[in-house]
Amino acid sequence: QRVNQAMGVISLSLFKDYEEIRNWPKQFGEVMQGDIKYKDINGDGQITETDMVPIGYPTSPEIIYGFGFSAGYKGCDLSCFFQGSARSSFWIDPENTAPFIGNQRTLLKAYADDHWSEENRNLYALWPRLSATKRTNNYQKSTWFMRDGSFLRLKSVEMGYTIPEKITKKAHISMLRFYLSGTNLLTFSKFKLWDVEMGGKGLGYPDQMVVNAGVQL
């Protein structure tokens, strides 16, 4: 297998009712409608660790790259640097992002808007049914919470303007340049819930966008 290849179970959908649960292979712990339904890979009539298979790309990117450019025209200059990675997967950590569990009182808007409930019986909702206790079945590493870790970020950019020397030398100044610079200004990624570089634990503190203005004299 690939280096840092993850193993997990294959998720199919959420259980729609108790009749489906009764007719499905036994899974992890007590299962209710709205919980994640997994595939019985080896056909032994139960879902266990023996049904775990390689899923997704490695957790470490197989491709890391960067590129940039610098350009100038008369007194204007511009430089940019892009940073990216490709062919990696990560998993939303249900234990660290699940609402109402332990001391966790934060409820992500994405979970609030898209979870299974009696009013919203979406079998492919982002989050399974909400619970005030840890649901072992829904915390398994699976394709349900697998996400694409690829991204391209505008890591840094700077633009400036240098006042012509024929103007500045009258004030006995050899060089006067005004500039704007920034870091982490744009990120292109399929994952939208939080900063993709934070991986599965999305309730931490992300990289900040920083903008500077300055003068070189």
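The values are calculated or read from the model by the stated rules, or taken from the named source; none is laboratory data. For clarity, every value in this text was computed on a predicted model and none was experimentally measured. In this analysis, Cβ positions are derived from the backbone assuming ideal geometry, glycine residues included, and neighbour counts consider all displayed protein chains. Just so you know, the surface numbers come from the protein's heavy atoms only, side chains and all, with ligands and any DNA or RNA stripped out. Shrake-Rupley method; radii C 1.70, N 1.55, O 1.52, S 1.80 Å.
So the values come out like this:
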item	result
Which numbered condition L107 misses (of (1) farther than 30 Å from Q46 by Cα; (2) part of a loop (DSSP other than H, G, I, E, B); (3) touching an Asp or Glu at 6+ places or on another chain (Cβ under 8 Å))	(3)
Residue under evaluation V215, criteria (1) open to solvent by 60 Å² or more (accessible area, probe 1.4 Å); (2) in a loop (DSSP other than H, G, I, E, B); (3) free of Cβ contacts under 8 Å to residues at least 60 places away in the same chain, criterion not met	(2)
Pairs with Cβ under 7 Å, 6+ apart, first in the stretch 22-43 and in contact (Cβ under 8 Å) with a residue 60 or more places away in the chain, second open to solvent by 60 Å² or more (accessible area, probe 1.4 Å) and hydroxyl-bearing (S, T, Y)	F28/T136; G29/T136; Q33/Y18
Residues (surrounded by 13 or more Cβ atoms within 10 Å (Cβ to Cβ) and within 20 Å of G160 (Cα to Cα)) located in the stretch 76-87	D77, L78, S79, C80, F81, F82
Close pairs (8 angstrom Cβ cut-off, 6 or more residues apart or separate chains): touching a residue at least 60 places away in the same chain (Cβ under 8 Å) in the stretch 182-200, in a helix (DSSP H, G or I) anywhere	L193/A110; G200/N96; G200/T97; G200/F145
Unique match (being under 30 Å from E20 (Cα atoms) and either at pLDDT 95 or above or surrounded by fewer than 17 Cβ atoms within 10 Å (Cβ to Cβ) (or both)) among K170, K155, K201, K134	K134
Test result for Y124, hydroxyl-bearing (S, T, Y), part of a helix (DSSP H, G or I), out of contact with any Pro (no Cβ under 6 Å at 6 or more places or on another chain) and closer than 30 Å to K16 by Cα	no
Filtered residues of the stretch 8-28 (kept if within 19 Å of T143 (Cα to Cα) and out of contact with any Asp or Glu (no Cβ under 9 Å at 6 or more places or on another chain))	G8, S11, L12, S13, K16, K26, F28
